[in-house]
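Report on one structure; see the data block that follows.
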Amino acid sequence: MTTETSIGGLAVILLAAIITNNILLSKFLGMCSFIAISRKMRTAVGMGLAVTFVTFCTAMINYGIYYGVLVENAPLCRTDLSHLTFVVFIMLIAAFVQFVEMVIERFSPVLYINLGIYLPLITVNCAILGVNLFMIDPDKNFNFAQTATYGLGSGIGWLLAIVLMAGIRARLEEADIPRPLRGLGITMIVTGLMALAFMGFTGVVDL
């Protein structure tokens, strides 16, 4: 991965994170909340926006923490603390989710009630942690601008996937589905078909 930060280079990263390297449909991270929240469009959009916001912000903050403090000979700490990466990232994500939860409760009580237990569970959404870990992959060699773009694109990709699923599940309510496939069965089948559809863009843009 080059360190190009031109508009074109960042656009490639953004599109790749949304489509060809979709964090949910290519790596199947964040499936729990994806399946549970995609029953209604309103809650799906709310959860998707929350995940996008948390992913984007925590990616940038954790990037600064990792390269500013945790790596060996970092500007703020010469000691190698990279073994604490996993713990630090989770703690930052948890703190940020608490902030998002308070904001949603204050400005959208209905959405807060609809999301219920799944809102605090954003803390353990493996899609968010996955993005935060992938951004420090030596093979990618992301700089700050690329990290911000990748975090934003990954969040939008997750949002796109859950909104598409919510729309499909709304249409499936009127479909004559065999009883053994109703509920989780048809949802997993649709998820697989969506993943295959997104694979059709392989080679167009890639990280």
Top positive-direction residue, dipole computed over the chain with Cβ charges, set F89, L159, A11: L159
Sorted from largest down, give the three principal axis spans of the alpha carbons of segment 8-198, whole angstrom values. 63, 37, 30
Say R0 is 22 Å: what FRET efficiency, to the nearest 0.05, do R179 and M199 get from their beta-carbon distance? 0.15
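Counting each pair of different Cα atoms once, what's the Kirkwood radius of segment 1-88 in Å, rounded to one decimal? Write down the numbers at each step before the final one.
Working: mean 1/r = 0.0640 Å⁻¹.
Every distinct Cα pair counted, the radius reaches 15.6 Å.
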Does anyone have the angle between helix 85-107 and the longest principal axis of the chain? Alpha-carbon axes, 0 to 90°, nearest 10? 50 degrees
Who wins for biggest fluctuation among F99, F134, F56 in a Gaussian network model of the chain, springs between alpha carbons below 10 Å? F99
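Here, each number is a calculation from the coordinates, and none is a lab measurement. All figures in this text were calculated on a predicted structure; none of them were measured in a lab. Neighbour counts run over all protein chains shown; Cβ positions are idealised from the backbone, glycine included.
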